[in-house]
Amino acid sequence: MSREASHGVGNLALEDVAGGDFAVATQGLTKRFSRQVAVDGVDMLVPRGAVYGFLGPNGSGKTTTIRMLLGLIRPTSGRHRLLGKAMPDHFGDVLPSVGSLVEGPAFHPYLSARANLSRLDSVDRHADPRTTKVRVDRALDRVGLLAAADKRYRAYSLGMRQRLAIAGTLLAPRELLVLDEPTNGLDPQGTREVRHLIGSLADDGATVLVSSHLLSEVEQVCTHIGVMHVGVLLTQGPIAEVRAVSEARARVQTDRPEDAARVLRALGMTEVVAESGWAAGALGDVAAEKVVAALVHDGVPVTGFAVERPSLEDLFVSLTGEGFNVSG
C-alpha cells in the first residue's frame, strides 16, 4: 500500500483538522540526519480517547517521530498539533497536559519509589509542592505500587520499574500519554501488568499513543493503529478497518479436500488450496455462513470450519512484502 492510501491528513491543510477531535495531528512531518531520512512525510491522526498503537520494527522511525511530537528534536520539515494547538508555538501551554515515557525509565537506584517520584515532581514548575505527597501516593496507587512505595528502586522488577515510570507521567492530570515501547524487555507477567494499566488509563478518558514492535500486545489493547516502515507511515485508522485490508480466509476440515476446494471455487472464493485433511480459500465477498451450507448441499463432509482473520503481522507483510523485524 502506498503512503497515499493511508488514512492521514494527506492534502488537507493542518488547520482543517485542528477543530476535529484529535489529540495528535501531523502533516508532512519529516526528519533527516545528514543524508539519512529517518521520518519521511508522516501524516498522523490520533483521535481523542483512542489507544493508538504506533507499530513498526526497531529502526522504523517511531521514536524519532515521538521525539519530534514532544519537542525533543526539531523536524526538518512538516507541522504538527497536540491537543488541537500548533507546535512549537504552544508547547508551554500543552506539555503540562502531556505525559511521556521515551526510551525507558531513569530513576535513582538507591532511592525509594516514593522518593524518586517526589524528586521528579519537584522539577515540574507547574506542580504545587504542597500537594506533592498526595499526588505521589495517588500515582503509585494508580499503577498498583503503593504497597511497595518505600522499597528501593534497585529492588524493583522490570515490570515494576515500567509501572513506576508510567506513574511519573501521572503526577498531574494528563489528557495525552505518549509511551515509547513501555513493555520493552518485560517478561509475560510484566507485559500483562503494563497492558492492563494502559487499558485502564484509556478507560479514565486519556488518549494513549503507545509505540511498540510487539504486534500481539497491540492487538489486545489498541483501538487504532498506525504502521511505520523505514520512516514511512504505511497506513493508519481503527484497527478493524486497517486489518480489513487483508482478506479473511475460510478453512474447512474434511476427508475430501479436493471436492471441498471445488465447492469453494464455485462459490467465487479465490486463492483456494487443498491439502490432506483440509481446504481453504480467501472469502472475498462470499458470506462465511454460505460456505458450510454449500459443502453440505454438495455432499462434502465437514468436520471443522473456521474463518481466519489476518494478524497484524500478516498485514505488515501484505503492505511491505517483508517480515516484521526487517529494519532493526
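Any read-out appearing in this document is the output of simple, stated calculations on the displayed coordinates, not a laboratory observation. In this text the structure is predicted, and so the values were computed from the model without any measurement. No Cβ is skipped: glycine too gets one built from the backbone with ideal geometry, and neighbour counts run over all protein chains shown.
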- prompt: If one computes the Cα centroid of the range 111-126 and of the range 47-62, what distance in Å separates the two points?
  reply: 28 Å
field: Per-residue Cβ neighbour rank within 10 angstrom, fewest leading, 193, 175
entry: 175, 193
message: Could you give me D for the chain, from Stokes-Einstein at 25 °C and 0.890 mPa s, where the hydrodynamic radius is the Kirkwood radius over C-alpha pairs? Units µm² s⁻¹, please.
response: 112 µm²/s
- prompt: So for 123, 24, fewest C-beta neighbours within 10 Å to most, what's the order?
  reply: 123, 24
task: Rounded to the nearest 500, what is the 222 nm mean residue ellipticity of the chain from helices alone, with -39500 (n - 2.57) per DSSP H run of 4+ residues and division by all residues?
output: -9000 deg cm²/dmol
task: Determine Rg/Rh for the range 249-316; Rg is computed over alpha-carbon atoms and Rh is the Kirkwood hydrodynamic estimate from the same atoms.
output: 0.97
field: Dipole of the chain, positive end: most advanced residue of 126, 252, 53 [Cβ charges, Cα centre]
entry: 126
- request: Return the percentage of antiparallel bridges among DSSP beta bridges fully within the chain, rounded to the nearest 5 %.
  value: 65 percent
message: Suppose the Debye formula is applied to equal point scatterers at every Cα of the range 160-237; what is log10 I(q)/I(0) at q = 0.11 Å⁻¹?
response: -0.28
task: Would you mind ranking 211, 118 by Cβ crowding within 10 Å, fewest neighbours first?
output: 118, 211
message: Nothing charged except the Cβ atoms of Lys and Arg (+1) and of Asp and Glu (-1): what's the magnitude of the dipole of the range 249-316 about its Cα centre? Round to the nearest 20 debye.
response: 140 debye
message: Which one, 209, 82, 186, has the greatest fluctuation when you compute a Gaussian network model over the chain with C-alpha springs under 10 angstrom?
response: 186
message: Just to check I understand the Karplus step: with θ = phi - 60° and J = 6.51 cos²θ - 1.76 cosθ + 1.60, what whole-Hz values come out for the range 278-291, glycine and proline as x?
response: 7, 9, 8, x, 6, 5, x, 8, 6, 5, 4, 5, 7, 5
